[in-house]
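First comes the structure, then the notes that go with it.
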Amino acid sequence: MPFARTLALIAGLMIWAAGLAQQKPKPAPIGFPDGPGKEVLVSKCFQCHAPTMWMDQRQERRAWESALYRMVGRGALWTPDEIRQMADYLGTSYGRQK
């Protein structure tokens, strides 16, 4: 019986710790310029991607929008307005350097 109680206690602690880990808000990425659409991008994309995903790529707004719609095809749940905001932000902040 003591062994079963110990296992139950360990399992309960692991579940509790996993719940706490999921509740921690992720810190805002450093170095992202402020602008319209930044908060939407941070809240929607950083669930799966690291900040370098955008910093390493330079694309026009339409290419960013296309990439965002591909993410919808892979299961992202975004509204057309959210996609527009993120594409505008990425095109302005991470567009091709001239």
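The values are calculated or read from the model by the stated rules, or taken from the named source; none is laboratory data. Everything quoted here is computed from the prediction, not taken from an experiment. Neighbour counts are summed over all protein chains in view; Cβ atoms, including those assigned to glycine, are modelled from backbone coordinates with ideal geometry. SASA here: full protein model, heavy atoms, side chains in, ligands and nucleic acids out. Shrake-Rupley method; radii C 1.70, N 1.55, O 1.52, S 1.80 Å.
Brief remarks follow.
- Length added when fully stretched, His49-Leu77, from 0.36 nm per residue minus Cα-Cα: 8.6 nm
- Peptides 55-62, 41-48, 70-77, 87-94 ranked from most to least packed, by the mean per-residue count of other Cβ atoms within 10 Å: 87-94, 41-48, 55-62, 70-77.
- Here the scattering of the range 37-78 is modelled by Debye summation over its C-alpha atoms, one equal scatterer each and no solvent; at q = 0.29 Å⁻¹ the log10 of I(q)/I(0) is -1.33.
- Protein-only accessible surface order, largest first, of Trp64, Trp78 at 1.4 Å: Trp78, Trp64
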